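S.K.: The structure that follows is given in the form of structure tokens.
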């Protein structure tokens, strides 16, 4: 994988077993710099192999030594438990046979059990909201911390973890290596990077608004919600896919869709913010193993869900922001594989869809279902921006002043 870098033989063997024969762009750039002890700011979209980019050098640096009691050598902070669990799983695979251990510290789990797990651990993967109480309780200390990783920093700041991050960073030693990873670079992330990184190297992979080349993007025009339901069932019945993710904009809609798909005998599962932690884990494991083929979810899964075999993403409702669309679609076409993204568009969603096209600097392909041909064919007139042109007649200047209607 890296002919010019000497890795521990067991780590090399694990990489070969797991099929890591060629490094991705972010791995090629980040791994040598991290092994040299550099601080990094990594600006990369999802699905670029960034997790392995920091786990490989972390494992290489930690092997052969034992962490002090309640003092991990490395700490990875993430916004959601699903991402924490995935990182822990990948760490276990990469570090097999090296005597290293990692623990995931997230909400919804027994605090006392976590306290015992933290007694002797090399790597901690945690959400800030759960780690802070453990720091305050003395469950762990960060005096021996060598590496601090903030994964999906933009989302952590968006979801209100700023104070928690500040408290954790203040507890970490000043002399350490820090890696900040973000799919977007708003002012808040840039400010945080300036505060915590020392002489960092900046790695920028791809464009922040770029969709992976292997993903085909379609829109399917719909008359109304009932029409959408029929189109959704048709797509899941007739499209070729191993696993599919169906996104909605609300928990209420997701629950309704789950019931609809189960009624039509699809192997579907539901994931949203109200699902208990144990239920979330079981749902994702069932989806990963193929027990269920369709995952119905909200934007809870638009980041942090890395499951092999997702080759179809359906937006039953268009997301409100372009970056959310990016993250949803990024669940497929990962690691160079192909995928398909289909967004169902009602008349009221046309302008939103057009805005996302402009955000991405692209044009979505049209998809048609002959058996479910609808009445809506798109707006009669569109502006240069792609948005629907208003059909209302403009008032004359004199009519505007008087506030009267223009006679026909």
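S.K.: Take region 40-72 and flag every residue that is closer than 22 Å to residue 141 by Cα and assigned to a loop (DSSP other than H, G, I, E, B).
M.R.: 63, 64, 65, 66, 67, 68, 69, 70, 71, 72
S.K.: In region 347-354, is there at least one residue being closer than 27 Å to residue 222 by Cβ and within 16 Å of the chain's Cα centre (by Cα)?
M.R.: No, there is no match, as no residue in region 347-354 is closer than 27 Å to residue 222 by Cβ and within 16 Å of the chain's Cα centre (by Cα).
S.K.: Given the criteria touching a strand residue (DSSP E or B) at 6+ places or on another chain (Cβ under 6 Å), exposed (fewer than 14 other Cβ atoms within 10 Å of the Cβ) and touching a residue at least 40 places away in the same chain (Cβ under 8 Å), does residue 216 qualify? If you could, list the steps in order and put the result at the bottom.
M.R.: Values: touching a strand residue (DSSP E or B) at 6+ places or on another chain (Cβ under 6 Å): yes; exposed (fewer than 14 other Cβ atoms within 10 Å of the Cβ): no; touching a residue at least 40 places away in the same chain (Cβ under 8 Å): yes.
Taking the combined requirement at face value, the residue does not satisfy it.
S.K.: Then there's this: Quickly run through region 215-230 and pick out the residues that are in a strand (DSSP E or B) and over 20 Å from residue 332 (Cβ atoms). Spell out how you get there, then give the answer.
M.R.: First pass over region 215-230, keeping only residues in a strand (DSSP E or B): 215-221.
Selection gives 221 alone.
S.K.: Would region 381-394 turn up any residue that is surrounded by fewer than 21 Cβ atoms within 10 Å (Cβ to Cβ), more than 24 Å from the chain's Cα centre (by Cα), modelled with pLDDT of 95 or more and not in a loop (DSSP other than H, G, I, E, B)? So that I can check it myself, show each step before the final result.
M.R.: In the first step, residues of region 381-394 are kept if they are surrounded by fewer than 21 Cβ atoms within 10 Å (Cβ to Cβ); the result is 381-394.
Going one step further and asking which of them are more than 24 Å from the chain's Cα centre (by Cα), we end up with 381-394.
Those still in the list that are modelled with pLDDT of 95 or more too: none.
The answer is no; no qualifying residue exists.
S.K.: Another question, if that's okay. Which of (1) under 17 Å from residue 51 (Cα atoms); (2) assigned to a helix (DSSP H, G or I); (3) touching a strand residue (DSSP E or B) at 6+ places or on another chain (Cβ under 6 Å) is the odd one out, the single condition residue 76 does not satisfy?
M.R.: Condition not satisfied by residue 76: (2).
S.K.: Here are the criteria: (1) under 21 Å from residue 109 (Cβ atoms); (2) within 14 Å of the chain's Cα centre (by Cα). Tell me which single one residue 297 does not satisfy.
M.R.: (1)
S.K.: Being in contact (Cβ under 8 Å) with a residue 60 or more places away in the chain and either in contact with a strand residue (DSSP E or B) (Cβ under 7 Å, 6 or more places away or on another chain) or surrounded by fewer than 14 Cβ atoms within 10 Å (Cβ to Cβ) (or both) is the filter here; which residues of region 349-368 pass it?
M.R.: Going residue by residue through region 349-368, those that are in contact (Cβ under 8 Å) with a residue 60 or more places away in the chain are 353, 359-362, 364-368.
The answer is 353, 361, 362, 364, 365, 366, 367, 368.
S.K.: In this structure, does residue 160 turn out to be touching a helix residue (DSSP H, G or I) at 6+ places or on another chain (Cβ under 7 Å) and either part of a helix (DSSP H, G or I) or exposed (fewer than 14 other Cβ atoms within 10 Å of the Cβ) (or both)?
M.R.: Numbers: touching a helix residue (DSSP H, G or I) at 6+ places or on another chain (Cβ under 7 Å): no; either part of a helix (DSSP H, G or I) or exposed (fewer than 14 other Cβ atoms within 10 Å of the Cβ) (or both): yes.
Answer is no for this residue.
S.K.: From the list 98, 140, 83, 131, exactly one residue is surrounded by 14 or more Cβ atoms within 10 Å (Cβ to Cβ), in a loop (DSSP other than H, G, I, E, B), in contact with a strand residue (DSSP E or B) (Cβ under 9 Å, 6 or more places away or on another chain) and touching a residue at least 12 places away in the same chain (Cβ under 8 Å). Which is it?
M.R.: Values: 98 fails: in contact with a strand residue (DSSP E or B) (Cβ under 9 Å, 6 or more places away or on another chain); 83 fails: in a loop (DSSP other than H, G, I, E, B); 131 fails: in a loop (DSSP other than H, G, I, E, B).
Only one candidate qualifies: 140.
S.K.: Now a separate question. At pLDDT 95 or above and at positive phi, is that true of residue 108?
M.R.: Judged against the criteria, residue 108 is not a match.
S.K.: Quick one: which strands (runs of 3 or more DSSP E) lie wholly within region 256-337 and hold at least 2 residues that are more than 30 Å from residue 25 (Cα to Cα)?
M.R.: Numbers: elements: 268-271, 294-297, 310-315.
Qualifying strands (runs of 3 or more DSSP E): 268-271, 294-297.
S.K.: So which residues in region 101-128 are part of a loop (DSSP other than H, G, I, E, B), closer than 19 Å to residue 59 by Cα and without any contact (Cβ under 8 Å) to a residue 40 or more places away in the chain, if there are any at all?
M.R.: Result: 101, single match.
S.K.: Here is a follow-up. Within region 21-37, can you find the residues that are touching a strand residue (DSSP E or B) at 6+ places or on another chain (Cβ under 7 Å) and over 18 Å from residue 6 (Cα atoms)? Give the steps one after another, and end with the answer.
M.R.: Just the residues of region 21-37 that are touching a strand residue (DSSP E or B) at 6+ places or on another chain (Cβ under 7 Å), to begin with: 26, 29-30, 33-34, 37.
26, the sole residue that qualifies.
S.K.: Still on this structure, please answer the following. Just one of (1) in a loop (DSSP other than H, G, I, E, B); (2) under 26 Å from the mean Cα position of the chain (by Cα); (3) touching a residue at least 60 places away in the same chain (Cβ under 8 Å) trips up residue 22, so point out which.
M.R.: Exception for residue 22: condition (3).
S.K.: Mind checking which residues of region 170-214 are touching a helix residue (DSSP H, G or I) at 6+ places or on another chain (Cβ under 6 Å) and in a strand (DSSP E or B)?
M.R.: 178, 179, 180, 181, 182, 201, 203
The values are calculated or read from the model by the stated rules, or taken from the named source; none is laboratory data. What you are looking at is a predicted structure, and each value in this text was computed from that prediction instead of being measured. Reconstructed Cβ throughout: ideal geometry from the backbone, glycine too, with neighbour counts over all protein chains shown.
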